[in-house]
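Notes follow once the structure below has been shown.
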Amino acid sequence: MLAEPVCRPSTDQASDGPHHRVVRGGIVKCRAHRDQHSAVHFRRVAVATAITLCAALALTACSSSDGKGEPADESPSVARSPTSAAPVDPKEAAKKEAIAAYGAYWQEMEKLYADLTGKGAHLDQYAASAALKNAEADAKGAHDRDRVYTGGVTLTDQTVTKVDASGEIPNVSISSCLDISQWRKVDAETKKPVSLPTNRLTKYRILSTIEKYPEGWRVTRDEPQGKSC
């Protein structure tokens with residue numbers, strides 16, 4: 001703040017204008033100094049008030065930027081770690097994959113036996129080794145006699161009897177009940193049923209081995225057990 005002006009008596013006795021006043025018989029030249037000091041002080045106070053008001057208005061504008069007069073939530077978001085998946089049991093995975101492959105194998109078997117040319121199936125994608133050779137040879141024997149199979153088979157009571165998921169060649173053994181009662185051998189041209197032995201089994205136990213090849217699971221053995229189910 002400015003220092004209060006000091007009033008000094010003047011030797012002049014005549015009035016020197018409206019800014020002089022008489023003290024103890026002399027003219028004191030101080031009123032102008034006080035007015036100047038007051039004006040400067042007023043301007044400083046006004047500037048300080050204006051700055052304070054602007055700051056307050058700025059804060060109000062920031063807090064009301066969302067249009068509701070409520071402060072924005074500035075809480076930092078918490079990153080959530082992804083939930084770790086439960087480890088997969090290799091044996092359980094092998095069981096599921098082998099059973100799925102065995103079902104696909106029989107779907108391709110139906111296509112193979114139903115097509116007189118033998119070209120409508122892709123059995124080699126689901127079978128290998130003895131199972132593939134035996135199926136292709138048996139289907140060809142039927143086709144050579146102008147016989148095809150219509151309908152389809154049904155697999156029930158599937159039971160996994162062995163699992164080796166960590167060996168050099170992972171493999172699974174499955175025991176199933178194979179129902180071929182609706183899988184009929186017919187003449188390829190007339191579609192008339194071919195006579196079959198009346199005592200033949202139409203529902204029997206079959207034991208299969210499915211091995212994991214680099215290309216996927218393949219049925220390598222499919223052996224009827226001669227037992228009804």
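Below are the figures for this structure:
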{"read-out": "Of all residues making up the stretch 172-186, the number that are within 16 Å of VAL219 (Cα to Cα) and either touching a Phe, Trp or Tyr at 6+ places or on another chain (Cβ under 7 Å) or hydroxyl-bearing (Ser, Thr, Tyr) (or both)", "value": "5"}
{"read-out": "Selection within the stretch 151-196 - assigned to a strand (DSSP E or B), touching a helix residue (DSSP H, G or I) at 6+ places or on another chain (Cβ under 7 Å) and open to solvent by less than 30 Å² (accessible area, probe 1.4 Å)", "value": "VAL172, ILE174"}
{"read-out": "Within the stretch 110-134, tally of residues that are surrounded by 17 or more Cβ atoms within 10 Å (Cβ to Cβ), under 15 Å from ILE210 (Cα atoms) and touching a Leu at 6+ places or on another chain (Cβ under 8 Å)", "value": "2"}
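The values are calculated or read from the model by the stated rules, or taken from the named source; none is laboratory data. Remember, predicted model here, so these are calculated numbers, not experimental data. Here Cβ is always computed from backbone atoms with ideal geometry, including for glycine, and neighbour counts include all displayed protein chains. For the accessible areas, the whole protein counts, side chains as well, though only heavy atoms, and no ligand, DNA or RNA atoms are used. Shrake-Rupley method; radii C 1.70, N 1.55, O 1.52, S 1.80 Å.
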